[in-house]
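Everything below concerns the one structure shown next.
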Amino acid sequence: MKSIKKTIVLFLSLTLLTPILATAKGGQGNGGNNSQAVVTELYPEDETTLLWMREEEKLARDVYLAMDARWNKPVFRNIASSEQSHMDALLRKINSFGLEDPVLPGKGKFYFAELQSLYDDLVAKGKNSYIDALEVGATIEDLDINDLIKAIAATENLALKTTYESLLEASKNHLRAFIRRLDQQGKTYTPVYISQELFDAIIDA
């Protein structure tokens, strides 16, 4: 899967790239009627990443729901619920900036063709065996961690940075959960998106 940076190209033909100004007004300390506007600019790259991350969290949720339906294991059901919370947090940010939510109704349906293809591939693999399903879970969290780290580094918007940092910590916990179960099955996961050094640091934390 391409990095988030490459997805910017995907958005250039869309009308979603108009910078949005979110304005919040606060009263002055003297209790008068005057107010001071605080303006925060959301850059096109921030919009691109936010919308992509929203659908990437949907990818995780929908794959885990499919794996739960196939294998009936609590790990998939529980983490799918967490991914729904991630989706909700990102939707609140999308709404606060007045953007259009890219998420399509229905499970396993995606606005971005790249995510649709990835979903189809991951579900097909995960249905082969329980071990394959665990590896799919580890791969998704591996990808999420990589993309969230890039998103945090790329934005100067504190609201987005704070949200991404929270999601990052949750994704690390999810990765640990899948790796523990793979270890129980005698299987070793090799990271695809993050470095082996970072992977080891997360798992050993």
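Each reported figure results from applying straightforward, stated rules to the coordinates on display, with no laboratory input. Just so it is clear, the structure is predicted and the values come from calculations on it, not from any experiment. Heads up, the Cβs are rebuilt from the backbone with ideal geometry, glycines too, and the neighbour counts pull from every protein chain shown.
Order of 142-151, 92-101, 114-123 by packing, highest average Cβ count within 10 Å first? Please list the in-between numbers first.
Working: 142-151: 22.1, 92-101: 14.9, 114-123: 17.0.
In decreasing order of mean packing, 142-151, 92-101, 114-123 become 142-151, 114-123, 92-101.
Roughly speaking, what is the centre-to-centre gap between region 61-134 and region 138-161 when only Cα atoms are used, to the nearest Å?
When both Cα centres are located, 17 Å separates them.
Hey, what do the phi angles of region 191-205 turn into as Karplus ³J(HN,Hα) couplings, whole Hz, using 6.51/-1.76/1.60 and θ = phi - 60°, x for Gly and Pro?
Here the 3J(HN,Hα) series is x, 9, 10, 9, 6, 4, 4, 5, 4, 4, 5, 5, 5, 8, 5 Hz.
Per-residue HN-Hα couplings for region 155-167, Karplus 6.51 cos²θ - 1.76 cosθ + 1.60 at θ = phi - 60°, whole Hz, x for Gly and Pro?
Rounded to whole hertz, the list is 9, 10, 7, 5, 5, 5, 4, 4, 5, 4, 5, 5, 5.
Return VAL63, VAL136 ranked ascending by Cβ neighbour count within 10 Å, so the fewest neighbours appear first. Mind dumping the intermediate values first?
Details: VAL63 27, VAL136 24.
Lowest to highest Cβ neighbour count: VAL136, VAL63.
Quick one: which residues, 5 or more positions from TYR111 or on another chain, have an amide H under 5 Å from its amide H? H modelled 1.01 Å from N in the peptide plane, none for Pro or chain starts.
Hits under the 5 Å cutoff: LEU104.
Compute the relative contact order of region 71-205 as a whole-number percentage, counting only Cα pairs closer than 8 Å that sit 6 or more residues apart in sequence.
Details: 94 pairs, mean separation 30.4, N = 135.
Taking the mean separation of contacting Cα pairs over the length of region 71-205, I get 22 percent.
List the aspartates and glutamates whose Cα lies under 16 Å from the Cα of LYS58, skipping any in the same chain that are fewer than 8 positions away.
LYS58 reaches ASP68, GLU83, ASP88, GLU100, ASP101, GLU114, ASP120, ASP121, GLU141, ASP142, ASP144, ASP147.
If we sort 74-82, 102-110 on the protection proxy, mean other Cβ atoms within 10 Å, highest first, what's the order? Before the final figure, lay out the partial values.
On the way: 74-82: 17.2, 102-110: 13.9.
Answer by packing, highest mean first, reads 74-82, 102-110.
Multiply the residue separation of ALA201 and SER96 by 0.36 nm, subtract the distance between their alpha-carbon atoms, and state the gained length in nm to one decimal. Before the final figure, lay out each step's value.
Details: separation 105, 0.36 × 105 = 37.80 nm, distance 3.46 nm.
So the chain would gain 34.3 nm between ALA201 and SER96.
List, in order, the whole-Hz ³J(HN,Hα) value for each residue of region 61-73 obtained from phi through the Karplus relation with A = 6.51, B = -1.76, C = 1.60 and θ = phi - 60°; use x for Gly and Pro.
With coefficients 6.51, -1.76 and 1.60, one gets 4, 5, 5, 5, 5, 5, 5, 5, 5, 7, 10, 6, 10 Hz.
Order these by the 10 Å Cβ neighbour count, fewest first: THR188, THR163. Please report the intermediate quantities before stating the final value.
Details: THR188 8, THR163 22.
If I rank by nearby Cβ atoms, fewest first, I get THR188, THR163.
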